[in-house]
Every structure is written in C-alpha cells, then in structure tokens.
Amino acid sequence: VLTIIIDGTGETNPAGAASPGLTYQYPQFQQAYIEAYRGQSGWAFSHWSGDIGGNSATSTRINITMDMSKTVTAHYVAADYNLTIAYTGNGSTWPEPGTYGYLSGSEAEFGANLVSGGDAFDQWTGDLPEHRDPQETHHHIIMDQDRSLTAVFVSANYTLTINGIVGGGSGYQDPQPGAYGYLEGRMA
C-alpha cells in the first residue's frame, strides 16, 4: 500500500490528501510514479518526506519501488514568489494560464505552445529576465521576484503542415500532426 499525504495546500498525481492521506494498492516490486504539482494560491512545493528511497527530496517527480507498504508526504509552504502566466491570440501555454508559487531560488519552467490551426508565437511580454530572448518559446528561470508573463500569438506569415507517420513505422511526433503558424524568419 502506498499512502500519499499532502502537508499544506497543493496537489499530487496520484492524488494525495491531508493526513491520514489517500492509499493506493500496488503489486510487489511495481514502480510507483508520483508527481507534486506546482503550488497555487500562494503556496509552493517545498519537498518530499517519508519513504522516498534514493529520490531527491526536492524533485517534483519521484519513482518508488513498492517492495513494502510506504508513506510519502508532499510538503507545500507559503510561496516566496509568484509566477503569473497568460496568453493572447490563438495559442496555449504550459503550464496553463494561472498563478503559481515558488520558493526563492527555485526554477520555474514555462512555455508557449502552438496549436493546430492557431496563430504564430511572437514573443513573451512582461517580467522576463533581461538576459532572456523574448522570442524563445520555452524558458527555465530562477525565481528571485514576482513575475507576470504573457505569451503573445499573432497572425502567421506561413503555415507548416505536419502529416502523420505513414508506412509500417511508429514514433512520437512533437508537435502532433496539424497545421502550425510561423512568422517569417522564425525556426520551426
């Protein structure tokens, strides 16, 4: 049995809850993959405690071998800084638009995603660190202040059509088959 407890305000996958937590049954020696989601509403993921084995306590994703019953706790604390993500135009962001909490010095990852039939990504506006290229779609930044960023999508100059895999092969396509907009001079 795997028990997942949440201390503070946050979410995990599979879902956890305040003590005594939620329980899940696993066959012996199966791997349990657990993720702590970004903190919201002024909370930030801090660390794991309990039966985490050799996993890093500060990693948001852990992998546990179920060789006995185990209990893990995801700890969420008051956020030092908040990252607010939004977008304009026909596109999307990862994570989805919202406000996410971080501890001082922790890394925030975010990106602008094209959608099939949508607009082209133009730039990030807002509180992007000075040394970062606003035309870069995905970023990893160290949180040292509150930041508010908007991904701007505009009408495309060109369309790149990606077809599905043909023949007998298989594989992963990123982006998925579809028609994606790009601005002139931008890399696909």
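The values are calculated or read from the model by the stated rules, or taken from the named source; none is laboratory data. Quick caveat, the model's predicted, so the values are computed rather than measured. So basically every Cβ, Gly included, is an ideal-geometry build from the backbone, and we count neighbours across all protein chains shown. The area values use the complete protein model at the heavy-atom level, side chains included, leaving out ligands, DNA and RNA. Shrake-Rupley method; radii C 1.70, N 1.55, O 1.52, S 1.80 Å.
Taking θ as phi - 60°, what are the ³J(HN,Hα) couplings along region 166-183 by the Karplus curve (6.51, -1.76, 1.60), each to the nearest whole Hz, with x for Gly and Pro?
3J(HN,Hα) across region 166-183, in whole Hz: 10, x, x, x, 9, x, 9, 10, 9, x, 5, x, x, 10, 10, x, 9, 8.
Please find, in a Gaussian network model of the chain (springs between Cα atoms separated by less than 10 Å), the residue of 46, 19, 148 whose mean-square fluctuation is greatest.
19
Please report the spacing between the Cα centers of region 22-60 and region 71-140 in Å, no decimals.
22 Å
Work out, in µm²/s and without decimals, the Stokes-Einstein translational diffusion coefficient of region 107-161 at 4 °C, 1.567 mPa s, Rh from Kirkwood over C-alpha pairs.
106 µm²/s
Along region 86-91, what does the Karplus equation 6.51 cos²θ - 1.76 cosθ + 1.60 (θ = phi - 60°) give for ³J(HN,Hα), rounded to whole Hz, x for Gly and Pro?
With coefficients 6.51, -1.76 and 1.60, one gets 8, 8, 10, x, 9, x Hz.
From Cα coordinates alone, what are the radius of gyration and Dmax values for region 1-52 in angstrom?
Looking at region 1-52, its Cα Rg and Dmax stand at 11.5, 38 Å.
In the chain, with Lys and Arg counted as +1 and Asp and Glu as -1 at Cβ, which of these residues, 134, 116, 63, has the Cα nearest the positive end of the dipole, that is, farthest along it?
Checked the options; the winner is 63.
Taking springs between alpha-carbon atoms closer than 10 angstrom, which of 38, 147, 132 fluctuates most in the Gaussian network model of the chain?
Highest fluctuation of the listed residues: 132.
Rounded to two decimal places and with Rh computed the Kirkwood way over Cα pairs, what is Rg over Rh for region 65-121?
Rounded to two decimals, Rg over Rh is 1.19.
Can you give the accessible area of residue 140, probe radius 1.4 Å, in Å² rounded to 10?
Surface accessible to solvent at residue 140 totals approximately 80 Å².
Can you tell me the equivalent ellipsoid semi-axes for the chain? Use √(5λ) from the Cα gyration tensor, largest first, whole Å.
They are 36, 24, 12 Å, listed largest first.
Highest GNM mean-square fluctuation, the chain, Cα pairs closer than 10 Å: which of 162, 85, 141?
162
Report the charge-dipole magnitude of region 87-144 in Debye, nearest 20, computed about the Cα centre from +1 at each Lys and Arg Cβ and -1 at each Asp and Glu Cβ.
My answer is approximately 120 debye.
With every protein chain left in place, what is the accessible area per residue of region 1-104 in square angstrom, probe 1.4 Å?
I get 51 Å² per residue for this part.
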